[in-house]
1. Which number in (1) in contact with a His (Cβ under 8 Å, 6 or more places away or on another chain); (2) without any contact (Cβ under 8 Å) to a residue 60 or more places away in the chain; (3) buried (at least 17 other Cβ atoms within 10 Å of the Cβ) marks the one condition that Arg150 misses?
2. Could you check the range 67-82 and list, in sequence order, the residues that are under 13 Å from Asp146 (Cα atoms) and among the aliphatic types (A, V, I, L, M)?
3. Any idea which residue in the range 197-210 is surrounded by the fewest Cβ atoms within 10 Å (Cβ to Cβ), counting only those that are among the β-branched types (Val, Ile, Thr) and closer than 14 Å to Arg156 by Cα?
4. Looking at (1) surrounded by fewer than 17 Cβ atoms within 10 Å (Cβ to Cβ); (2) touching a residue at least 40 places away in the same chain (Cβ under 8 Å); (3) assigned to a helix (DSSP H, G or I), which is the one condition that is false for Gln97?
5. Scan the range 165-197 for residues that are in contact with a helix residue (DSSP H, G or I) (Cβ under 8 Å, 6 or more places away or on another chain) and of a type in the set (S, T, N, Q) and jot them down.
6. Just to verify a result, which residue in the range 179-196, among those that are touching a Ser or Thr at 6+ places or on another chain (Cβ under 7 Å) and of a type outside the set (S, T, N, Q), is surrounded by the fewest Cβ atoms within 10 Å (Cβ to Cβ)?
7. Of the residues that make up the range 196-218, is at least one under 14 Å from Ile108 (Cα atoms), among the acidic types (Asp, Glu) and in contact with a Gly (Cβ under 7 Å, 6 or more places away or on another chain)?
Amino acid sequence: MEQISRMIASKNPMGFLASAWLKLTADNVDITTALPSEYKEDKMRAAVEVLKNAPRHGLIVRLQYDLLAELEYLNFDDQLSLLDELESMQNYNMSAQLRLERSILLHIIGRHVDANEEYRRLRQDLKEQNEFVFVPVRLRWLVGQDRGTRLLCNARVIESIGYRSLAKVIELKNAPVPFVPQDFGRENMPLGMVFKCHITFGAMGPFIKPPSSSKEQQ
């Protein structure tokens with residue numbers, strides 16, 4: 001603790017990081033195996049308070065993001081702000097997993113042009129690399145302003161080739177998004193047809209699904 005206090009006093013970001021981890025593991029949680037969801041809320045909030053005063057560093061921002069995703073899982077604006085900060089750091093190499101989450105958050109916040117470009121680069125990299133990624137539950141659907149209800153979107157068919165077709169989604173700045181006509185109870189959907197839908201996210205990008213009245217299950 002004395003060494004950590006000296007590091008904090010000298011504004012060494014590793015001192016703040018060490019202090020935050022001590023807060024998180026105060027209940028003897030195994031730091032080598034525990035997931036963020038296993039830490040108690042009060043311990044996570046105590047760690048967040050430590051990190052608020054820390055100099056900006058990739059490891060600091062990454063831990064802030066992980067904690068925020070647990071404590072305020074619908075606070076997409078601040079989550080994206082942290083990932084934008086990470087993306088801007090020259091010495092921090094964002095993993096494919098974080099890039100995927102940033103791509104989805106860009107769509108949710110409404111920065112669709114940036115999201116489409118980030119997804120394009122990510123798809124290319126995933127084809128070249130053998131890296132596993134997954135979509136967190138909180139990011140599976142494009143949601144409305146209330147952040148809890150799936151956004152009802154409007155799509156127009158631009159390519160109809162049977163099992164895998166394409167439609168431009170107005171709410172995604174007319175980005176072409178794949179869909180399966182059979183999901184909508186049809187063998188095919190004619191060019192120009194406009195229909196309602198929801199948008200789900202995967203590793204390769206958005207995907208059109210039939211609308212429903214369900215709310216996000218967080």
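We did not get these values from a lab; they are worked out from the coordinates using the rules stated. Just so it is clear, the model here is predicted, and its values are computed rather than measured. In this analysis, Cβ positions are derived from the backbone assuming ideal geometry, glycine residues included, and neighbour counts consider all displayed protein chains.
1. Arg150 satisfies all of (1) in contact with a His (Cβ under 8 Å, 6 or more places away or on another chain); (2) without any contact (Cβ under 8 Å) to a residue 60 or more places away in the chain; (3) buried (at least 17 other Cβ atoms within 10 Å of the Cβ) except (2).
2. Leu74
3. Taking the range 197-210 first, the residues among the β-branched types (Val, Ile, Thr) are 199-200, 208.
Right, trim to closer than 14 Å to Arg156 by Cα and you get 199, 208.
Values: Ile199: 26, Ile208: 23.
Among residues in the range 197-210 that are among the β-branched types (Val, Ile, Thr) and closer than 14 Å to Arg156 by Cα, the one surrounded by the fewest Cβ atoms within 10 Å (Cβ to Cβ) is Ile208.
4. Only one criterion is unmet by Gln97, namely (2).
5. Once the filter is applied, which keeps residues that are in contact with a helix residue (DSSP H, G or I) (Cβ under 8 Å, 6 or more places away or on another chain) and of a type in the set (S, T, N, Q), the range 165-197 yields Ser165, Asn188.
6. The selected residue is Pro190.
7. Yes; the residues of the range 196-218 include at least one that is under 14 Å from Ile108 (Cα atoms), among the acidic types (Asp, Glu) and in contact with a Gly (Cβ under 7 Å, 6 or more places away or on another chain).
Residues checked against (1) of a type in the set (Lys, Arg); (2) out of contact with any helix residue (DSSP H, G or I) (no Cβ under 8 Å at 6 or more places or on another chain); (3) over 30 Å from Gly110 (Cβ atoms); (4) touching a residue at least 12 places away in the same chain (Cβ under 8 Å):
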{"position": "Pro13", "(1), (2), (3), (4)": "no, no, yes, yes"}
{"position": "Asp42", "(1), (2), (3), (4)": "no, yes, yes, no"}
{"position": "Val50", "(1), (2), (3), (4)": "no, no, yes, yes"}
{"position": "His57", "(1), (2), (3), (4)": "no, no, no, yes"}
